[in-house]
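Q: The following block contains the structure, expressed as structure tokens.
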Amino acid sequence: MTVMQPLETAGCGCDALDLPQGLTSIAEALDLISDWVAPLPDMDCVALDQAQGRILAQAVTAQTLTPPFDNSAMDGYAVRSTDFSGPAPWRLKVTTCVRAGSPMVTSVIPGEAVQLFTGAPLPLGVDAVVMQEHVTRIGDHITLTNRPKPKANIRYAGEDMAPGQQIITSGQRLGAAEIAVLAAAGCSTVVVQRRPRVAILTTGDEVRAPGTDLDVSAIWDVNAPMLTAAIRSSGGEVMQVVQAGDSLFALRDTLATLAHQVDMIVTTGGISVGAADFVKPAIEQLSGKMAFSGVAVKPGKPVSFGKIGSAYWLGLPGNPVSAFVTWTLFGSRLMNGLSKRTTGQSKRRHVVTAAPLNHRTGRCELRLATLSGFDGLGREVVSCPADTQSARVSRLTGADGLVFIPADTDTIPEGGLVEFMPFKY
Ligand SMILES: Nc1nc2c(c(=O)[nH]1)N[C@H]1C(S)=C(S)[C@@H](COP(=O)(O)OP(=O)(O)OC[C@H]3O[C@@H](n4cnc5c(N)ncnc54)[C@H](O)[C@@H]3O)O[C@H]1N2
Ligand code: MOO
């Protein structure tokens, strides 16, 4: 067994004092998001078949026994273990047959057995079920050569869930497993957190909607479709997707309008130091508040977070890989905070590298990584084919997650230990 060191919470190294001035460390930025975000108070009551992906708002307690009655776990014969004294073989008379969904047979007397199908209610007086493969049946008699163990192949009432038992805590995201538990407990509806309402605002005079013709120096909008998908899969409701040019006044007015309509605005682009980067000046004109402006992360250095009125604002860089990485890191923290999600969040874990990784010190680098199996010591191995290029979107497919190369590390040798954050969890 390999024992790895525990992960440091601020293990990316980007909080070191000698690192880029004015940038917030990753750990501090994540803490600021958690500190600033107040969970949405509203809840919805939804039918169980509409609950997938929603966050449970109230713990659920079993109201009844599950299973509701003692029943057979096998197709076979219900018997009384007291009938098996003396030497084998033993011969019993089969009096009747009970199927799943049939009424219970009330009595089985010594020397008799009842044929049961899986799920059929157990008759009174029996204490074991013998699989039909383990008996010889001739006419209405069965012969057994092995003594049945008491309680064999019986599912007892309440052995799965008992009244008063908490079966699922609040804050869980409902997937197939949780929905199975709720269905077994007889819940037809559940109380879930309201989905965070999100607006996406992409900036850039050069950005065009996919499907339109590109004139000279124009590019298609990658960020809006990508973020629409990412926000929906983190449980958000995309209310508006707006494409704005690089104009301070247009951005200011659009942000002001959106801030009244949604819980959260995600912008992309226009937050660096260029003369046409107007997102922060627009927020300043709206008297917005800034929690952090720039993080010691590569890619994604300009990522920023604050509030415009009552709406949260997450400002992602324009480069699509930077926007993807910073959404993965910070956007999901924000969504989880808004929807009170408490469990199942992306867990960073240790893996080892398939080849040496070189890195320019200064910012913690999040490099796209592909899981490639296990080494001879049973440790999970990742490959990071190339350093992160914030505009090379094609590398996103095939990546399983992000490897953290600490800010102050210039080389990680082959087989070196690194933190890995999976995209799917
Ligand atoms: N002098 C400096 N220049 C830059 C710095 C710096 O520190 N000093 N930082 C660089 C880094 S790092 C990043 S990241 C970018 C971030 O800039 P912005 O967030 O202001 O983004 P834009 O300049 O608006 O766009 C960057 C890039 O991305 C393309 N883009 C924008 N939106 C989209 C979209 N929706 N879909 C696809 N591509 C998009 C845009 O055309 C630009 O090529 O700044 C560096 N510069
Ligand atoms: O911080 Mo930027 O995302 O490296 O290109």
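Q: Between ALA59 and ASP215, what is the label-to-label distance in nm when each label sits 7 Å out along the Cα-to-Cβ direction?
A: So the label points at ALA59 and ASP215 sit 6.1 nm apart.
Q: Given the peptides 373-380, 276-283, arrange them by the average over their residues of other C-beta atoms within 10 Å, most packed first.
A: 276-283, 373-380
Q: I'd like the Karplus ³J(HN,Hα) series for the range 255-268: coefficients 6.51, -1.76, 1.60, θ = phi - 60°, whole numbers in Hz, and an x wherever there's a Gly or Pro.
A: Here the 3J(HN,Hα) series is 4, 4, 5, 4, 4, 8, 9, 10, 7, 8, 10, 10, 9, 10 Hz.
Q: Oh, and also: Taking every DSSP beta bridge that has both residues in the chain, what percent is antiparallel when rounded to the nearest 5?
A: 65 percent
Q: A further question follows. Can you list the lysines whose alpha carbon is less than 21 Å from that of LYS289, not counting same-chain residues fewer than 8 positions off?
A: Within reach: LYS280, LYS301, LYS307.
Q: Among LEU116, LEU371, LEU255, which one moves the most in a GNM of the chain with springs linking Cα atoms closer than 10 Å?
A: LEU116
Q: Consider all pairwise Cα distances in the range 157-220 and report the whole-number % of them above 14 Å.
A: Tail fraction, whole percent: 72.
Q: Sticking with this structure for a sec: On the principal axes of its Cα set, how long, how wide and how thick is the chain? Give whole Å, largest value first.
A: 95, 52, 43
Q: Let me ask something else about it. How would the range 293-342 be classified by its alpha-carbon gyration tensor: rounded, prolate or oblate, with rounded meaning a/c under 1.5 and the a/b versus b/c comparison settling the rest?
A: oblate
Q: Test of understanding: extend the Cα→C-beta vector of CYS45 to 7 Å, then name every residue of the range 158-198 with backbone N under 15 Å from that spot.
A: 187-194
Q: Extending each Cα 7 Å along its Cβ direction at ARG208 and SER287, get the distance between those two points in nm, one decimal.
A: 4.2 nm
Q: If you stretched the chain out fully between GLN240 and THR106, how much longer would it get, using 0.36 nm times the residue separation minus the C-alpha to C-alpha distance?
A: Result for the pair: 42.0 nm of gain on full extension.
Q: Follow-up question, since we're still on this one. Any chance you could check the Cα centroid distance between the range 224-292 and the range 62-137 for me, in angstrom?
A: First find each Cα centre; the distance between them is then 66 Å.
Q: While we're looking at this one, here's another question. Report the full-extension gain for the segment THR82 to GLN21: residue separation times 0.36 nm, less the Cα-Cα distance, to one decimal in nm.
A: Once the chain is fully extended between THR82 and GLN21, it gains 13.8 nm.
Readers should treat all values here as calculations from the given coordinates under stated rules, not as data from a laboratory. Predicted model only: the values in this text are computed from it and were never measured. Glycine gets a Cβ as well: all are built from the backbone with ideal geometry, and neighbour counts include every protein chain shown.
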